[in-house]
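Visitor: The structure is given below, and queries will be raised subsequently.
The values are calculated or read from the model by the stated rules, or taken from the named source; none is laboratory data. Computed from a prediction, not measured in an experiment: that's the story for all the values here. Glycine also receives a Cβ, built like all others from the backbone with ideal geometry; neighbour counts cover every protein chain displayed.
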Amino acid sequence: MTSQNPPRPVRAALARVSIGLAALALIGVPVASAQTASPWRVDLRYRFEQVDDDALVRDAKAHTVRLRVGYQHSFSPGWRAYLEGEHVESLNGEFNSTANGNTGFPVVADPEDTELNQAWLGYAGERIEGRLGRQRILIDNHRFLGNVGWRQNEQTYDAVWLAGSPLPGLRAQYGYLNRVHRVFSDAAINPLLREREHDSHFVDLDYAVAPALKLGGYVFLLKDEDAPADSSSTWGVRAVGSRALNDRIKLAVRGEYARQSDYRNQPLDFGLDYWRLEPSITLKGVTFKTGWERLDGDGSKGFATPLATLHAFNGWADRFLATPADGLDDRFVGVSGSLGKASWAVVRHEFDAARGSADYGHEWDASLSYPLPHGLTALVKLADYQSDGFATDVSKFWFQLEYRR
C-alpha cells in the first residue's frame, strides 16, 4: 500500500486533467437530485490567508486555490470504488508554504501539490461497512484522528477501515494505518513534514445508552516508522449527552478522559493524562459554551495527538499544534448561532502550562459564514493570540470562497 507522488511533469499533466474533469463535472453532469445522485464530487476552494507574526518582519499574504475532483462507481450489491484527485495552486509567493523556501515569511501550510487524494474499494451492507485503500478517516470529533480539512491539502490514509453494529445501539470501528499523507505534501523541505509510514491500529466504540446519551471508548496504538517521537498508546473514554428542557432551551455536555504512554519504537518513557469537559446551553438558537481541556506534560514530552485535526482545538492561531513539554491547560468560553442564513461564532481561550505555573497567553477567535447562490459558501475568520511568554504574538485573517457538489 506504499506509494510515491508522481514526478513534476506527470503532476502538471494530472493538474490539467483534473481541471478538465472539473469543467466536465460542472457543465456536463446533471446536478444530484432526490431521485438520482451524481457519481461526481467536485470541491473548488479559493482562500486568502494573512498572518502577522511578531517573530518575523514581513506578513504572509497567501492566495491559494484548491481543486478536488472525485468519481464514485457502484457495482454489485453494496460494493463501490472511489477515485479522487487534488491540486493546490499558489497564486503568489508571499508566504512560507513549508515547500517554497520562503522562510522570511510566516508559515501558511498550503504548498502547491498534485496528488491522488483518495483511491479505495469499499463495501456497505446493512450492518457492516469497510474500505481498503487511500481514504479520508474521521473519528468522533477528530481530536485523535481526522483529515485536517481546514488546510487546502487534506490528510488522508493508506488504510483498512471497518465499521459495524454487532449489537443494537453499538457502533464499532477498527482501522489499520499503513501510511499517512500529510497536509505539507512530499515537497516539504523538512523531511519530517512529509508523508509518514505507519504500523498503527485504532478501535473506537460508540454506544447509545439512550437517544440523548452516548458512551464511547477508544484505543489508538500509533507506531510512526519515520518519526518515533510520535509513537504512543492512548486509551480513553467519553460521554456525550443532551437534553431539551423545552422548545427553546437545550442543555448539552461532553466529558472525556484518556491516558497516553510510550509504545513500540518511542524513545521516551512516559505516562500522561488528557481530559476535556465542555458543557453548553442553547437559548433560542444561540449556543453558549464553556470548556476545560488539559493535556499533561512531564517536562520532556506533552500529551500528543499527531493525527488529529489540530486546527479545531486550542485556538485557530495554531500556536499549540504540538503540545508543550509542560503540557497545556486550555480554558475557553464561546458563543455561536445564526443570523438569517449566516452562521457566526466567537471564542476566547486562556492558555497555561499543565505542569508548573507558566502563563502561555490568551486568544480571541471569530468566524462568519454565509451561503451564496449556486453552491457557493463565503467565510471570514479571525484569530488573535497574545503571548505571555510562550512563542510570539500572532494574528491571522482568512477570506474563503468554496463550491461543493
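Visitor: Residue under question is Asp206, and the condition is that it be buried (at least 16 other Cβ atoms within 10 Å of the Cβ) and under 19 Å from the mean Cα position of the chain (by Cα); does it hold?
Guide: Considered against the rule, which asks whether it is buried (at least 16 other Cβ atoms within 10 Å of the Cβ) and under 19 Å from the mean Cα position of the chain (by Cα), Asp206 comes out as no.
Matching residues to (1) farther than 15 Å from Tyr360 by Cα; (2) under 21 Å from the mean Cα position of the chain (by Cα); (3) not hydrophobic (A, V, I, L, M, F, W, C):
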| position | (1), (2), (3) |
| --- | --- |
| Asn265 | yes, no, yes |
| Phe288 | yes, no, no |
| Ala304 | yes, yes, no |
| Arg319 | no, yes, yes |
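Visitor: Can you list residue pairs whose Cβ atoms sit under 6 Å apart, with the first residue in segment 155-183 being touching a residue at least 12 places away in the same chain (Cβ under 8 Å) and over 23 Å from Gly217 (Cα atoms) and the second being among the small types (Gly, Ala, Ser) and assigned to a loop (DSSP other than H, G, I, E, B)? Count only pairs 6 or more apart in sequence or on different chains.
Guide: Val183/Ala109
Visitor: Working carefully through the options Asp158, Asp206, Asp226, Asp186, find the one that is of a type in the set (Asp, Glu) and in contact with a Ser or Thr (Cβ under 9 Å, 6 or more places away or on another chain).
Guide: Answer to the selection: Asp158.
Visitor: While we're here: Please specify each residue of segment 316-347 satisfying the condition of being more than 28 Å from Phe270 (Cβ to Cβ) and either crowded, with 16+ Cβ neighbours inside 10 Å or touching a residue at least 40 places away in the same chain (Cβ under 8 Å) (or both).
Guide: Those that are more than 28 Å from Phe270 (Cβ to Cβ) and either crowded, with 16+ Cβ neighbours inside 10 Å or touching a residue at least 40 places away in the same chain (Cβ under 8 Å) (or both): Trp316, Val333, Gly334, Val335, Ser336, Gly337, Ser338, Ser343, Trp344, Ala345, Val347.
Visitor: Listed residues Gly216, Gly175, Gly149; which is at pLDDT 95 or above, under 27 Å from Leu321 (Cα atoms), surrounded by fewer than 16 Cβ atoms within 10 Å (Cβ to Cβ) and not assigned by TED's automatic domain parsing to the domain that holds His63?
Guide: Criteria check complete, one pass: Gly149.
Visitor: Then there's this: If Ser242 satisfies all but one of (1) buried (at least 16 other Cβ atoms within 10 Å of the Cβ); (2) among the hydroxyl-bearing types (Ser, Thr, Tyr); (3) assigned to a strand (DSSP E or B); (4) more than 22 Å from the chain's Cα centre (by Cα), what's the number of the condition it fails?
Guide: Only one criterion in (1) buried (at least 16 other Cβ atoms within 10 Å of the Cβ); (2) among the hydroxyl-bearing types (Ser, Thr, Tyr); (3) assigned to a strand (DSSP E or B); (4) more than 22 Å from the chain's Cα centre (by Cα) is unmet by Ser242, namely (1).
Visitor: Moving on to the next point. Take Arg259 and decide whether it is closer than 18 Å to Leu145 by Cβ, of a type outside the set (A, V, I, L, M, F, W, C) and within 20 Å of the chain's Cα centre (by Cα).
Guide: So Arg259 fails the test.
Residues checked against (1) under 11 Å from the mean Cα position of the chain (by Cα); (2) closer than 25 Å to Ser395 by Cα:
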{"site": "Glu94", "(1), (2)": "no, yes"}
{"site": "Val108", "(1), (2)": "no, yes"}
{"site": "Glu112", "(1), (2)": "no, yes"}
{"site": "Glu115", "(1), (2)": "no, no"}
{"site": "Arg127", "(1), (2)": "no, no"}
{"site": "Arg131", "(1), (2)": "no, no"}
{"site": "Arg136", "(1), (2)": "yes, no"}
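Visitor: Could I ask something else about it? Would you check if Gly175 is touching a Gly at 6+ places or on another chain (Cβ under 9 Å) and of a type outside the set (A, V, I, L, M)?
Guide: no
Visitor: Moving to a separate point now. With the requirement that a residue be polar (S, T, N, Q) and touching a strand residue (DSSP E or B) at 6+ places or on another chain (Cβ under 9 Å), what does segment 257-309 give you? Walk me through how you get there before you give the answer.
Guide: Filtering segment 257-309 down to residues polar (S, T, N, Q) leaves 260-261, 265-266, 280, 282, 287, 290, 300, 305, 309.
Listed by number, the residues that qualify are Gln260, Ser261, Asn265, Gln266, Ser280, Thr282, Thr287, Thr290, Thr305.
Visitor: Take Ala391 and tell me if it is more than 30 Å from Ser38 (Cα to Cα), surrounded by 18 or more Cβ atoms within 10 Å (Cβ to Cβ) and either at pLDDT below 95 or not assigned by TED's automatic domain parsing to the domain that holds Asp43 (or both).
Guide: Taking the combined requirement at face value, the residue does not satisfy it.
Visitor: So, in segment 66-99, exactly how many residues are outside any strand (DSSP E or B) and surrounded by 17 or more Cβ atoms within 10 Å (Cβ to Cβ)?
Guide: Summing the residues that are outside any strand (DSSP E or B) and surrounded by 17 or more Cβ atoms within 10 Å (Cβ to Cβ) in segment 66-99 gives 4.
Rundown of residues vs (1) within 20 Å of Thr309 (Cβ to Cβ); (2) among the polar types (S, T, N, Q); (3) in contact (Cβ under 8 Å) with a residue 40 or more places away in the chain, yes/no style:
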residue: Asp186; (1), (2), (3): no, no, yes
residue: Ser200; (1), (2), (3): yes, yes, no
residue: Val203; (1), (2), (3): yes, no, no
residue: Pro211; (1), (2), (3): no, no, no
residue: Leu215; (1), (2), (3): no, no, no
residue: Glu225; (1), (2), (3): no, no, yes
residue: Arg243; (1), (2), (3): no, no, no
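Visitor: Only one residue in Ser185, Ser200 is outside any strand (DSSP E or B), hydroxyl-bearing (Ser, Thr, Tyr) and assigned by TED's automatic domain parsing to the domain that holds Trp275. Which one?
Guide: So the residue among Ser185, Ser200 that is outside any strand (DSSP E or B), hydroxyl-bearing (Ser, Thr, Tyr) and assigned by TED's automatic domain parsing to the domain that holds Trp275 is Ser185.
Visitor: Still on this structure, please answer the following. Being among the aliphatic types (A, V, I, L, M), at pLDDT 95 or above, surrounded by fewer than 19 Cβ atoms within 10 Å (Cβ to Cβ) and not assigned by TED's automatic domain parsing to the domain that holds Ala227 is the requirement here; does Leu170 meet it? Give the steps one after another, and end with the answer.
Guide: Details: among the aliphatic types (A, V, I, L, M): yes; at pLDDT 95 or above: yes; surrounded by fewer than 19 Cβ atoms within 10 Å (Cβ to Cβ): yes; not assigned by TED's automatic domain parsing to the domain that holds Ala227: no.
No.
Visitor: Moving on to the next point. Working only within segment 101-127, note down all residues that are closer than 17 Å to Glu195 by Cα and either in contact with a Cys (Cβ under 8 Å, 6 or more places away or on another chain) or not aliphatic (A, V, I, L, M) (or both). Steps first, please.
Guide: Applying the first criterion (closer than 17 Å to Glu195 by Cα) to segment 101-127 yields 109-119.
Asp110, Pro111, Glu112, Asp113, Thr114, Glu115, Asn117, Gln118, listed by residue number.
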